[in-house]
Amino acid sequence: MSSLTSLLTARQSEILEFIRHSLMEAGAPPTREEISRAFGFRSLNAAEQHLQALQKKGLIELVSGTSRGIRLKETLLELKQASAEFGLPLVGKVAAGSPILAQENVLRHATVDPAMFKPRADYLLEVRGMSMRDAGILEGDWLAVHKKAEAVNGQIVVARLGDEVTVKRLRQKGSRAELIAENPEFKPIVVDLKREPLQIEGIAVGVIRPAL
């Protein structure tokens with residue numbers, strides 16, 4: 001990446017990241033109108049001024065005569081590296097028996113800073129079902145997960161039981177473990193650890209509710 005990124009204002013950095021995200025997700029740069037809408041600018045001129053500043057700093061090239069005439073002066077490889085470094089893989093339904101971060105499970109890379117969570121998040125898991133409703137974890141939410149093979153009682157965990165992966169609150173005493181839902185409509189899953197292995201894949205460190 002260009003060292004000039006350290007000389008950007010906060011808003012210029014945000015717009016540069018917005019352009020990168022658009023290229024990675026939509027395959028095309030945003031229009032001035034899309035930038036203005038995303039950042040709440042009252043006029044297209046405000047977006048144009050920020051773009052002109054980014055061009056002067058050598059980070060983009062503006063091409064006249066087209067609404068999407070913004071060229072990012074980074075290669076596709078650099079964009080993918082930036083996504084891998086600064087984003088998080090969003091995992092969908094986990095294929096039976098496969099590792100959570102296996103390629104077939106990753107829906108996309110979301111531009112979410114892993115360091116905004118404590119401890120640092122390693123991936124996002126798209127929530128299915130309402131079993132954790134009363135913990136504020138709803139259908140369609142992205143659960144931020146810190147990859148860890150151990151957890152303490154009371155933590156919300158991502159657990160693998162056989163070929164199934166589930167999100168529940170852990171309670172363990174001796175060789176008996178319970179995976180407890182935060183919704184009275186769901187019964188606890190009771191595991192006899194002497195007979196059935198329970199694998200902790202990670203602990204929940206936050207929730208993101210993506211905009212519709």
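The values are calculated or read from the model by the stated rules, or taken from the named source; none is laboratory data. If you're wondering where the values come from, they're calculated on a predicted model, not measured in any experiment. Methodologically, a virtual Cβ is constructed for each residue, glycine included, from the backbone with ideal geometry; neighbour enumeration extends over all protein chains shown. With ligands, DNA and RNA removed, areas are computed over all heavy atoms of the protein, side chains included. Shrake-Rupley method; radii C 1.70, N 1.55, O 1.52, S 1.80 Å.
Give the residues of the range 30-61 that are under 23 Å from LEU88 (Cβ atoms) and out of contact with any Pro (no Cβ under 9 Å at 6 or more places or on another chain), sorted by residue number.
Residues satisfying the conditions are PRO30, PHE39.
If I filter the range 163-175 for residues that are in a loop (DSSP other than H, G, I, E, B) and in contact with a strand residue (DSSP E or B) (Cβ under 6 Å, 6 or more places away or on another chain), do I get at least one hit?
Pass one, the range 163-175, residues in a loop (DSSP other than H, G, I, E, B): 163, 174-175.
Within this subset, residues satisfying the condition of being in contact with a strand residue (DSSP E or B) (Cβ under 6 Å, 6 or more places away or on another chain) are none.
No.
If we keep just the residues of the range 136-158 that are more than 19 Å from the chain's Cα centre (by Cα) and open to solvent by less than 40 Å² (accessible area, probe 1.4 Å), which is nearest to ASN105 (Cα to Cα)? Quick ask: steps written out before the conclusion?
So in the range 136-158, the residues more than 19 Å from the chain's Cα centre (by Cα) come out as 149-155.
Add one more test, that the residue is open to solvent by less than 40 Å² (accessible area, probe 1.4 Å), and what stays is 151, 154.
On the way: ALA151: 23, GLY154: 27 Å.
Filtering the range 136-158 for residues that are more than 19 Å from the chain's Cα centre (by Cα) and open to solvent by less than 40 Å² (accessible area, probe 1.4 Å), the one nearest to ASN105 (Cα to Cα) comes out as ALA151.
Just checking, which of GLU33, GLU14 is at pLDDT 85 or above, open to solvent by 60 Å² or more (accessible area, probe 1.4 Å), of a type in the set (D, E, K, R) and in a helix (DSSP H, G or I)?
Numbers: GLU14 fails: at pLDDT 85 or above.
It is GLU33.
Out of the range 44-93, which residues are buried (at least 16 other Cβ atoms within 10 Å of the Cβ), within 23 Å of ILE208 (Cα to Cα) and modelled with pLDDT under 80?
Those that are buried (at least 16 other Cβ atoms within 10 Å of the Cβ), within 23 Å of ILE208 (Cα to Cα) and modelled with pLDDT under 80: ALA82, SER83, GLY87.
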